[in-house]
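K.L.:
Pasting in a structure now, in structure tokens, and then I'll have a few things to ask.
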Amino acid sequence: MVSREDLASRQAELLHALLARGPVPAGFDEARLHVEADVLRRKRTRLIAYLRPDLEEALGDRFAPLFAEFTAGQPKTDTIRTHAYADEFTTWLVDRGDLPRPKRRFPWRR
Amino acid sequence: MAELGIGIGWRDELDLSIARLPGVDWVEVVAENLHAEHLPETLETLRQRMPVLPHAVSLSLGGAEPLDTARVVHLAEVARALDAPLASDHVCFVRAGGLDSGHLLPVPRTREALDVLVANVRLTQSIVECEFALENIAAVLEWPDAELTEEQFLTELTERTGCKLIIDVANLYANARNLGTDPVKFLDGIPWERLAYVHMAGGVERGGVYHDTHAHPVVPEVLDLLAELRHRVEPPGVLLERDDDYPPDSELAAELAALRAAVKW
């Protein structure tokens with residue numbers, strides 16, 4: 001008999017494998033896991049592109065691979081909204097020099 | 001004639017199309033995209049003419065962590081604002097261990113996972129004031145050690161909670177293609193008296209895997225499966241989901257007409 005807590009940790013393990021390149025959980029087909037990870041990444045990439053067409057326009061073909069790199073290292077948590085997650089991606093791009101640092105349009109905002 | 005008829009998933013991008021498309025009897029809206037306090041004006045107008053049913057994607061009812069009841073309350077508020085007789089989500093989980101998948105993931109088909117789902121659905125039903133339905137998802141991976149088939153899992157779920165079912169025929173096809181399940185056995189095992197309505201959507205094959213994209217036309221095999229379903233039951237409603245790469249109105253109208261033909265309406 002598996003407890004609800006055990007199931008919760010197995011689900012967490014699976015999400016970690018899918019979103020953050022964690023180890024393949026016992027009993028899962030590794031090839032299928034990669035397919036699912038790809039499905040999730042594509043879905044989120046499209047959503048971020050929809051919310052932030054400026055990023056896709058600025059990065060062109062580099063948009064998808066850069067987002068893939070960002071999201072694997074910093075997967076979306078359940079407390080951050082998607083808009084804020086897109087902002088984190090922007091900050092990450094700026095910090096790496098993949099996007100120019102934006103001019104501060106609202107000097108009263110920090 | 002069916003209770004709902006032929007419907008289409010309401011999206012911002014389809015807003016104008018839906019108002020002028022012939023043969024749309026009802027719509028379904030993604031609950032998370034709406035606020036009960038300020039519904040889009042066009043949706044308010046549609047609501048005077050046809051049923052508008054909310055469909056949630058983020059309750060994570062198959063998740064073993066405690067249910068996020070704030071999300072259920074939001075669904076209940078949207079359902080009330082729409083005066084909807086039925087609200088729904090999926091047999092899946094989307095959050096665990098602090099992460100958010102952003103997309104529907106399968107749950108293990110075990111007694112344990114079913115118990116968790118049943119408990120979450122009962123709690124949801126105590127918050128949502130209308131009838132509640134659950135939909136089968138498309139999966140590209142499977143948990144090990146399944147104890148039940150998908151149709152057994154869904155049947156027990158309805159028996160234990162009294163919930164209704166949304167059967168997504170495109171998801172059924174995707175699972176047959178990707179996981180090797182037998183769609184006819186699935187159709188034979190579903191308690192059709194619990195059917196709320198049917199979902200239909202398009203997809204595409206990529207790298208040997210069928211992807212349920214909602215961005216391509218409905219493939220003929222999925223229409224054939226709808227006809228197969230129709231041999232067993234007259235569905236109360238059939239809904240087309242299109243979420244991306246929106247085609248011209250004429251193509252959408254043709255897709256709706258094909259659904260109508262498949263169920264002989």
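K.L.:
Of all residues being assigned to a strand (DSSP E or B) and surrounded by fewer than 18 Cβ atoms within 10 Å (Cβ to Cβ) in the range B:179-208, which is modelled with the lowest pLDDT? Just the residue, please.
P.N.:
Selected residue: B:206.
K.L.:
For residue A:22, all conditions in the list (1) over 29 Å from residue B:67 (Cβ atoms); (2) at the interface with chain B (Cβ under 10 Å from one of its Cβ atoms); (3) of a type outside the set (Asp, Glu); (4) open to solvent by less than 50 Å² (accessible area, probe 1.4 Å) hold save one; what is the number of the exception?
P.N.:
The failed condition is (1).
K.L.:
Scan (1) assigned to a loop (DSSP other than H, G, I, E, B); (2) among the aliphatic types (A, V, I, L, M); (3) more than 9 Å from every other protein chain (Cβ to nearest Cβ) for the single condition residue A:66 breaks and write down its number.
P.N.:
Among (1) assigned to a loop (DSSP other than H, G, I, E, B); (2) among the aliphatic types (A, V, I, L, M); (3) more than 9 Å from every other protein chain (Cβ to nearest Cβ), the lone unmet condition for residue A:66 is (1).
K.L.:
So which residues in the range B:218-265 are in a loop (DSSP other than H, G, I, E, B) and closer than 21 Å to residue B:13 by Cβ, if there are any at all? Talk me through it step by step, then tell me what you get.
P.N.:
Filtering the range B:218-265 down to residues in a loop (DSSP other than H, G, I, E, B) leaves B:218-219, B:231-236, B:242-248, B:263-265.
Within the range B:218-265, B:218, B:242, B:243, B:244, B:245, B:246, B:247, B:248 qualify.
K.L.:
Next question, about the same structure. So residue A:100 fits all but one of (1) open to solvent by 30 Å² or more (accessible area, probe 1.4 Å); (2) in a loop (DSSP other than H, G, I, E, B); (3) modelled with pLDDT of 95 or more; what number is the exception?
P.N.:
Looking at each condition in turn, residue A:100 falls short on (3).
K.L.:
If I filter the range A:1-13 down to residues being within 7 Å of chain B (Cβ to nearest Cβ) and assigned to a helix (DSSP H, G or I), which single residue comes out as surrounded by the fewest Cβ atoms within 10 Å (Cβ to Cβ)?
P.N.:
Ranking the candidates gives A:4 first.
K.L.:
Looking at this structure, is residue A:76 open to solvent by less than 70 Å² (accessible area, probe 1.4 Å) and facing chain B (nearest Cβ under 9 Å)?
P.N.:
yes
K.L.:
In addition: Do any residues in the range A:31-44 that are more than 7 Å from every other protein chain (Cβ to nearest Cβ) have Cβ atoms under 8 Å from those of residues that are open to solvent by less than 50 Å² (accessible area, probe 1.4 Å), where the two are at least six apart or on different chains, and which pairs are they?
P.N.:
Final answer for the pair search is A:37/A:17; A:37/A:18; A:37/A:19; A:41/A:67; A:41/A:68; A:41/A:71.
K.L.:
For residue A:17, all conditions in the list (1) facing chain B (nearest Cβ under 8 Å); (2) in contact with a Pro (Cβ under 9 Å, 6 or more places away or on another chain) hold save one; what is the number of the exception?
P.N.:
(1)
K.L.:
Are any residues in the range A:27-70 open to solvent by 90 Å² or more (accessible area, probe 1.4 Å) and within 15 Å of residue B:142 (Cα to Cα), and if so, which ones?
P.N.:
A:30, A:34
K.L.:
Restricting attention to the range B:65-91, which residues are in contact with a Ser or Thr (Cβ under 9 Å, 6 or more places away or on another chain) and either on the phi > 0 side of the Ramachandran plot or open to solvent by 50 Å² or more (accessible area, probe 1.4 Å) (or both)?
P.N.:
B:68, B:69, B:71
K.L.:
I've got another one for you. Inspect all residues belonging to the range A:86-95 and state whether any of them is within 26 Å of residue B:214 (Cβ to Cβ), hydrophobic (A, V, I, L, M, F, W, C), within 10 Å of chain B (Cβ to nearest Cβ) and touching a residue at least 24 places away in the same chain (Cβ under 8 Å).
P.N.:
no
K.L.:
Can you find a residue that is surrounded by fewer than 18 Cβ atoms within 10 Å (Cβ to Cβ), in contact (Cβ under 8 Å) with a residue 60 or more places away in the chain and closer than 22 Å to residue B:177 by Cα anywhere in the range B:235-247?
P.N.:
yes
K.L.:
Collect the residues in the range B:233-258 that are farther than 22 Å from residue B:138 by Cα and of a type in the set (D, E, K, R), keeping them in residue-number order.
P.N.:
Within the range B:233-258, B:234, B:249, B:251 meet the criteria.
K.L.:
If residue B:88 meets every condition in (1) away from chain A (no Cβ under 12 Å); (2) free of Cβ contacts under 8 Å to residues at least 60 places away in the same chain; (3) among the small types (Gly, Ala, Ser); (4) not in a helix (DSSP H, G or I) apart from one, which number is that one?
P.N.:
Failed condition: (2).
The values are calculated or read from the model by the stated rules, or taken from the named source; none is laboratory data. As the structure is a computational prediction, the values presented were derived from the model and not from experiment. Neighbour counts run over all protein chains shown; Cβ positions are idealised from the backbone, glycine included. To get the accessible areas, we keep the full protein, side chains included, count just its heavy atoms, and leave off ligands, DNA and RNA. Shrake-Rupley method; radii C 1.70, N 1.55, O 1.52, S 1.80 Å.
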